[in-house]
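Below is one structure, written out as structure tokens; the observations come after it.
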Amino acid sequence: MIRSLTGENKSIKLESEMINESLLEQACEKLRGAKEINIIHDPSDIRKPHSKKTVNLGKVRALNGDIINGYSTHNSIAIEPGKREVHFLSHKLYSNNDELFLKRGEINKLKKEVLFEGHEEARKLYDSGEYFNKKTLSVDEIKKVGRELKNANNTALITHILDREFDDNEYMNVISEDLSQDYIIRAKKSRTIEEKREDGKKIKLIESDFAGRGEKIFQKLKIGDKVIQDGRMIISWHEFDKYNAVKIKVYNRKGESSFKDDMLILTNKKIKDLATAYQIYTTYLSRSKIEYVFKFLKEGLGWEKLQIQDFKAIQRLLSICFYAASYLYEIGEEKAYDDYAILLAEIGGGKGKVTRHFIVRGIQQLLNHLRVSRILNKKELSQEEQIALSNSCEILI
């Protein structure tokens with residue numbers, strides 16, 4: 001397997017791009033008859049804080065905010081509004097320590113002719129046009145999945161859903177102009193509008209006036225890890241020069257604001273009234289589905305536990321995990337697609353239940369069995385000696 005992943009095994013062609021293309025092709029086929037398709041894009045860091053020898057290690061942010069070793073990924077999934085199925089579209093692993101990686105800050109300095117350490121190397125790379133960074137890679141992935149889904153289903157209403165780190169006019173233009181599709185993007189607090197104050201200072205979007213305003217009463221609202229009961233929501237909306245915006249403020253049963261700042265959402269969709277503004281908000285909240293995907297990939301399939309040091313092998317292995325997760329996500333409670341899934345779930349302790357949880361446990365148990373068998377065979381233990389060893393373990397337990 002390691003030889004296949006690293007490319008040493010010439011008889012097996014195992015490329016991450018080939019795996020991703022196959023995955024996207026399958027998703028497009030399944031969504032061919034959909035009326036609406038929501039595409040959720042999100043990065044996810046692969047944190048390797050204790051790795052030192054792994055090739056091409058970059059820098060990522062730990063959960064506590066510290067900068068540690070790791071890799072970066074851009075991922076895309078699709079859902080149909082009102083349906084539970086999750087369709088895996090695309091996964092891309094990269095390192096900001098790659099020799100072709102050129103930071104946006106360095107590009108800005110090059111454009112302004114500002115000298116900095118490594119200026120000459122950066123200039124050569126920039127002029128060659130062979131560089132990439134988080135933004136160029138994300139734009140390419142957004143274009144790719146948007147075009148492929150449109151080619152497969154040219155009548156579907158396609159909406160791209162992104163978090164606030166994608167609050168950038170270039171992303172908005174790519175989706176609305178290049179792809180002719182819709183976007184729903186959470187805005188940063190720092191976003192400003194075209195209009196300026198009398199003193200010439202820019203007005204922040206969050207502080208500007210919104211023409212539309214309405215109220216929604218709710219019994220229970222869950223946002224992230226926070227649950228608010230018996231509260232109300234003030235929703236405002238307004239059409240600005242290049243986009244429409246929705247502002248949401250949530251109050252608890254005591255009339256206190258549940259969050260420090262209002263939520264701001266940008267979209268190119270038309271907002272007619274409170275109902276459509278609220279729909280923009282709820283559509284954005286569906287972004288949480290990709291967070292559950294990351295949780296499953298990291299906790300269930302060990303995305304961050306890999307111990308291979310070859311970068312190409314890591315790319316291929318994570319692509320395989322993403323591909324496998326797409327299949328496991330198709331399996332619902334008490335639902336199996338083949339005998340192998342049933343057998344793996346039984347090995348994993350499912351007791352008749354065939355779910356992705358028990359299938360993953362079955363895979364882990366099977367791999368443990370294969371590893372132990374390999375060691376026992378290497379030691380050339382007889383069947384009698386293996387039985388004696390097993391009996392000794394039972395006594396110890």
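Could you give the nm distance between label points at residue 369 and residue 384, where each point is 7 Å from its Cα heading toward the beta carbon?
About 2.6 nm, to one decimal.
Give me the extension gain from residue 312 to residue 97: residue separation times 0.36 nm, minus the current Cα-Cα distance, reported in nm with one decimal.
Working: separation 215, 0.36 × 215 = 77.40 nm, distance 1.41 nm.
Extra length available between residue 312 and residue 97 comes to 76.0 nm.
Please work out the C-alpha center-to-center distance from region 118-169 to region 253-272 and express it in whole Å.
So the separation of the two Cα centres works out to 28 Å.
Packing-wise, with mean Cβ within 10 Å as the measure, how do 126-134, 69-77 rank, highest first?
69-77, 126-134
Please give the helix 311-328 orientation as an angle from the longest Cα principal axis of the chain, in degrees from 0 to 90, rounded to the nearest 10.
On a 0 to 90 degree scale, this one is about 80.
Based on the mean of other Cβ atoms within 10 Å per residue, sort peptides 385-391, 308-314, 81-87 so the most packed one is first.
308-314, 81-87, 385-391
Considering only DSSP states other than H, G, I, E and B, which GluC sites (Glu not before Pro) in region 157-204 qualify as loop sites with at most 16 other Cβ atoms within 10 Å? It would help to have the intermediate numbers written out before the result.
Numbers: sites: 165, 170, 177, 194, 195, 198; in loops: 198.
Qualifying residues, ordered by number: 198.
Normalised by the residues of region 185-286, what does the relative contact order come to in percent, with Cα pairs under 8 Å and at least six apart?
24
Whose amide H sits under 5 Å from the amide H of residue 70, counting only residues 5 or more places off or on another chain, with H placed in the peptide plane?
48, 58, 59, 60
Using R₀ = 45 Å, calculate the FRET efficiency as 1/(1 + (r/R₀)^6) where r is the Cβ-Cβ separation of residue 115 and residue 249; round to 0.05. All intermediate terms of the calculation are to be shown ahead of the outcome.
On the way: r = 46 Å, r/R0 = 1.03.
For R0 = 45 Å, the calculated efficiency reads 0.45.
Quick check: the angle from helix 383-396's long axis to the longest principal axis of the chain, C-alpha only, nearest 10 degrees?
Roughly 60 degrees, rounded to the nearest 10.
Tabulate in residue order the Karplus-calculated ³J(HN,Hα) for region 207-223, using 6.51 cos²θ - 1.76 cosθ + 1.60 with θ = phi - 60°, rounded to whole Hz; enter x for Gly and Pro.
Per residue, the Karplus-derived 3J(HN,Hα) values read 9, 7, 7, 10, 6, x, 7, x, 9, 10, 9, 9, 8, 8, 9, 10, 10 Hz.
Can you return the aspartates and glutamates within cross-link range of residue 35? Criterion is Cα-Cα under 16 Å, with same-chain partners fewer than 8 residues away left out.
Here the aspartates and glutamates satisfying the reach criterion relative to residue 35 are 80, 85, 148, 182.
Under a straight-distance cross-link criterion of Cα-Cα below 18 Å, which aspartates and glutamates are reachable from residue 204, leaving out those fewer than 8 residues away in the same chain?
Cα-Cα hits under 18 Å: 165, 167, 168, 194, 195, 239, 241, 261, 262.
Taking 7 Å along the Cα-to-C-beta vector as the label spot, tell me the residue 52-residue 203 distance in nanometres, rounded to one decimal.
5.7
Would you mind calculating the relative contact order of the chain from Cα pairs under 8 angstrom and at least 6 residues apart, reporting the percent as a whole number? Don't skip to the answer; put the middle values down first.
Numbers: 616 pairs, mean separation 55.1, N = 397.
Relative contact order here is 14 percent.
Once the Cβ-Cβ distance between residue 292 and residue 211 is put in as r, and R0 is 30 Å, what FRET efficiency do you end up with, to the nearest 0.05?
Values: r = 36 Å, r/R0 = 1.20.
For R0 = 30 Å, the calculated efficiency reads 0.25.
Roughly how many debye, to the nearest 20, is the charge dipole of the chain about its Cα centre, given +1 on each Lys and Arg Cβ, -1 on each Asp and Glu Cβ, and no other charges?
Dipole of the chain, to the nearest 20 debye: 860 debye.
Nearest 10 degrees is fine. How inclined is helix 134-152 to the longest principal axis of the chain, computing both from alpha carbons?
90
Within 10 Å, count the other beta carbons around each residue, average over each peptide in 223-229, 297-303, and list them highest first.
Values: 223-229: 11.1, 297-303: 18.0.
My ranking of the peptides, most packed first, is 297-303, 223-229.
Taking θ = phi - 60°, what integer Hz values does the Karplus form 6.51 cos²θ - 1.76 cosθ + 1.60 yield along region 285-302, in sequence order, with x for Gly and Pro?
Calculated HN-Hα couplings, in order: 4, 5, 4, 4, 4, 6, 5, 5, 4, 4, 4, 5, 5, 7, 8, x, 10, x Hz.
Please list, in chain and number order, the residues 5+ apart from residue 36 or on another chain whose amide H is under 5 Å from its amide H, with Hs placed from the backbone.
157
Please work out the FRET efficiency for the pair residue 128 and residue 242, using the Cβ-Cβ distance as r and a Förster radius of 35 Å; give the result to the nearest 0.05.
E(calc), rounded to 0.05, equals 0.60.
When only Cα pairs under 8 Å and 6 or more residues apart are kept, what is the percent relative contact order across region 45-111?
Numbers: 98 pairs, mean separation 18.8, N = 67.
Computed value for region 45-111: 28 percent relative contact order.
Since every read-out is calculated from the coordinates, none of them should be taken as a lab result. All of these numbers come straight from a predicted model, not from anything done at the bench. All Cβ positions, glycine included, derive from the backbone under ideal geometry; neighbour counts span all protein chains shown.
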